[in-house]
Amino acid sequence: MALDRILGQEHALRLLRNALAHSRLAHAYLFAGPPGVGKHLTARQFAKAVSCSVEATDACDTCTACRKIDADNHPDVLDIAPDGTSTAIRIEQIRTIQQRLSYRPYEQDRIVIILDGCELLTPPATNALLKTLEEPPGHALLLLLTHHKTALPLTITSRCQLVPFRALGPAHLRTILERQDLEHEDATLSVMMARGGLTTSEQITAALEARSQAHALLAEMIQNNAQAVFLRARQLAGKRDQCEALLDWLILLCRDLVMLHVAPSRPLYNDDLRPDLEPLARRVTVDPLLETCTLAEQLRQYLGMNINPQLVFERFVMRFGQLVGQQG
């Protein structure tokens, strides 16, 4: 069954299954919880369950409707998120939703709209969406997804049924890894959790790659390899998500270096990297590492203000060099 693939979200699944079992679907649901915990996967599987011509409370995965949704070509299921060139959901995308809802469904009783990243709605898009939520067509089913429920106005959240999602625990992460035929040490799983829930092999692989890049960058900065560092910064131009992930990992790695100074016997966030981090810790003192953590956290916030990622990172690198140069 499709919904059985969702791990660690028993409460959310219970709400959705009850709605299906009693044929009491709300016109709008708000899936809210940390990134990477299965909100979008759940929305897709729920859309299949609503559309399935065989099962009443789940999806069979084999009927025409289920196969079309899996192939992303069902005319009555629309999946919308910020496009690749933008960090926002714009009013044009909401108008696309409204235009589709102005017609009847082609192949089933409902039109299912999945709107991912609702915290990224622009003000005009928010106002347009509100109009749809205030007077939804009877055939509309909106599934709104957000990492930050508090970033949405009350006028939006109050018109949706909340479906809360929670962070995944180590056991569920381990099961996901096993499903994807991936194997990692428990220490690495702990690092994954430090960054937030991850639910697919692609997300876990991307997180490990970001950690590897952050580790290499930190070594280059400590070794004062300016050419390699600024080349890496240029490669981040326009790649906001990668820059955010890199800063997140740099904060954790810098904290590990501090820990190696003040409590070397204690476990690290990245304990599997201890043999590589210990020689780096010997080349830098605690004060610049602490200030670097603070700076990285500030720059992480700046990225949310539509500032060029390359400029953010170049500033970070230059300041780190100054801090290391000032140590005695």
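The values are calculated or read from the model by the stated rules, or taken from the named source; none is laboratory data. This one's a predicted model, so the numbers in the text were calculated from it and none came from an experiment. Reconstructed Cβ throughout: ideal geometry from the backbone, glycine too, with neighbour counts over all protein chains shown.
Here are a few things to note about the model shown:
- With a requirement of 3 or more residues that are farther than 30 Å from Cys52 by Cα, the helices (runs of 4 or more DSSP H) lying completely within region 87-159 that satisfy it span 123-134.
- Residue in region 41-64 that is surrounded by fewer than 18 Cβ atoms within 10 Å (Cβ to Cβ), closer than 22 Å to Leu121 by Cα and touching a Phe, Trp or Tyr at 6+ places or on another chain (Cβ under 9 Å) present: no
- Being closer than 19 Å to Leu295 by Cα and at pLDDT 85 or above holds for only one residue in Ala214, Ala233, Ala263, Ala245, and it is Ala214.
- Note on region 1-26: residues that are under 18 Å from Leu115 (Cβ atoms) and under 25 Å from the mean Cα position of the chain (by Cα) amount to 2.
- Residues that are surrounded by fewer than 18 Cβ atoms within 10 Å (Cβ to Cβ) and closer than 16 Å to Ala26 by Cβ within region 134-148 comprise Glu134, Glu135, Pro136, Pro137, Gly138, His139, listed in sequence order.
- Checking Phe31 against (1) more than 18 Å from the chain's Cα centre (by Cα); (2) buried (at least 16 other Cβ atoms within 10 Å of the Cβ), the condition it does not meet: (1)
- Tally of residues being modelled with pLDDT of 70 or more and either loosely packed, with under 15 Cβ neighbours inside 10 Å or among the β-branched types (Val, Ile, Thr) (or both) across region 313-328: 2
- Taking each residue of region 253-274 that is under 24 Å from Ala210 (Cα atoms) and assigned by TED's automatic domain parsing to the domain that holds Glu297 and looking for partners that are surrounded by 12 or more Cβ atoms within 10 Å (Cβ to Cβ) and of a type in the set (Lys, Arg) with beta-carbon atoms closer than 7 Å, six or more apart or interchain, yields Leu268/Arg274; Tyr269/Arg255.
- For region 107-116, the count of residues that are within 26 Å of Leu3 (Cα to Cα), surrounded by fewer than 17 Cβ atoms within 10 Å (Cβ to Cβ) and over 21 Å from the mean Cα position of the chain (by Cα) is nonzero.
- Of all residues in region 113-156, those that are more than 16 Å from Arg95 (Cα to Cα) and of a type in the set (Gly, Ala, Ser) total 3.
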